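The block underneath contains the structure these notes are about, expressed in structure tokens.
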Amino acid sequence: MGIAERKEREKDLQKRLRRKQILDAAKRVFHSKGFSVATVEDIAHEAELSPAALYLYFKNKDDIYVSLNFQLLEYLWNGLEKILNRDGLRPDEKLLALKDHFYDVFSLDPLILTNLLHLQASHGLKKLPAERKKQLNDYAAKCLRALGTIFEQGKEEGLFFDHHPIAVADVLWSVFTGAVLWEESKRRTNASKDYLKETLTLAIELVVKGMKRP
């Protein structure tokens with residue numbers, strides 16, 4: 001490896017480490033202050049950087065926030081890909097494995113996930129730059145295709161009734177997002193309520209049971 005190439009790799013590593021430093025700080029600030037109240041200055045202070053240094057890596061607060069969403073979507077996709085390609089599991093067992101993975105996605109960062117779901121359910125996406133919006137939509141589409149592919153595998157094996165794969169993927173995604181947002185609304189009135197895992201388990205088991213042929 002030449003000197004120039006090594007320096008370029010070191011520069012890239014430093015950039016990735018600094019971005020992670022900022023994102024970790026932003027996550028702490030968003031949790032403590034909330035997204036609407038938090039400022040770039042708050043995040044820079046938490047990351048022990050000047051605002052000017054932070055702007056070398058992110059355009060603004062929205063850019064930081066979307067990057068955190070990408071981290072969550074990447075985690076979601078990686079888990080779906082593992083389930084999709086897992087040997088030794090029938091397609092119905094792969095769909096049942098979603099209940100644990102979905103809960104893991106929620107547990108990774110409940111605040112960022114619920115904010116992401118609110119963003120998708122509102123006009124928030126329209127405010128994003130076209131490139132960022134496309135990236136979010138591409139990630140979401142990739143995840144839905146994975147869910148649809150698992151169902152198609154089961155349909156080909158005669159396990160499931162004949163439904164449209166994307167419609168099934170939409171149902172599974174709606175179960176996940178609906179359960180998360182409903183549980184969030186209940187916790188606003190009573191913070192001790194935490195039935196998401198049980199709700200996801202029951203909902204996905206019922207959906208899979210309803211799709212299976214006798």
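Name the residues in the stretch 1-41 that are assigned to a loop (DSSP other than H, G, I, E, B) and either at positive phi or not β-branched (Val, Ile, Thr) (or both), would you? Even if it seems obvious, please write down each step before you answer.
To start, the set of residues in the stretch 1-41 that are assigned to a loop (DSSP other than H, G, I, E, B) comprises 1-2, 34-39.
Passing the criteria: MET1, GLY2, GLY34, PHE35, SER36, ALA38.
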Residue list for the stretch 203-214, filter: surrounded by 14 or more Cβ atoms within 10 Å (Cβ to Cβ) and farther than 17 Å from ILE150 by Cα: ALA203
For the subset of the stretch 73-89 comprising residues that are without any contact (Cβ under 8 Å) to a residue 40 or more places away in the chain and not in a loop (DSSP other than H, G, I, E, B), which member is farthest from LEU116 (Cα to Cα)? LYS82
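Table: residues versus (1) under 14 Å from the mean Cα position of the chain (by Cα); (2) among the acidic types (Asp, Glu); (3) surrounded by fewer than 17 Cβ atoms within 10 Å (Cβ to Cβ); (4) in the same structural domain as SER67 (by TED's automatic domain parsing).
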{"position": "ARG90", "(1), (2), (3), (4)": "no, no, yes, yes"}
{"position": "ASP104", "(1), (2), (3), (4)": "yes, yes, yes, yes"}
{"position": "THR114", "(1), (2), (3), (4)": "yes, no, no, yes"}
{"position": "LYS155", "(1), (2), (3), (4)": "no, no, no, yes"}
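Name the residue that is nearest to ALA169 (Cα to Cα), counting only residues in the stretch 54-72 that are part of a helix (DSSP H, G or I) and aliphatic (A, V, I, L, M). Give the steps one after another, and end with the answer.
Applying the first criterion (part of a helix (DSSP H, G or I)) to the stretch 54-72 yields 54, 61-72.
From what's left, aliphatic (A, V, I, L, M): 54, 64, 66, 68, 72.
Details: LEU54: 38, ILE64: 29, VAL66: 24, LEU68: 24, LEU72: 19 Å.
By that ranking, first place goes to LEU72.
Report whether or not VAL29 is outside the structural domain of ALA141 (by TED's automatic domain parsing), modelled with pLDDT under 95 and within 23 Å of the chain's Cα centre (by Cα). Before the answer, list the steps.
Numbers: outside the structural domain of ALA141 (by TED's automatic domain parsing): yes; modelled with pLDDT under 95: yes; within 23 Å of the chain's Cα centre (by Cα): yes.
It is true that VAL29 is outside the structural domain of ALA141 (by TED's automatic domain parsing), modelled with pLDDT under 95 and within 23 Å of the chain's Cα centre (by Cα).
The values are calculated or read from the model by the stated rules, or taken from the named source; none is laboratory data. Worth saying up front: this structure is predicted, and the values here are computed from it rather than measured. Neighbour counts run over all protein chains shown; Cβ positions are idealised from the backbone, glycine included.
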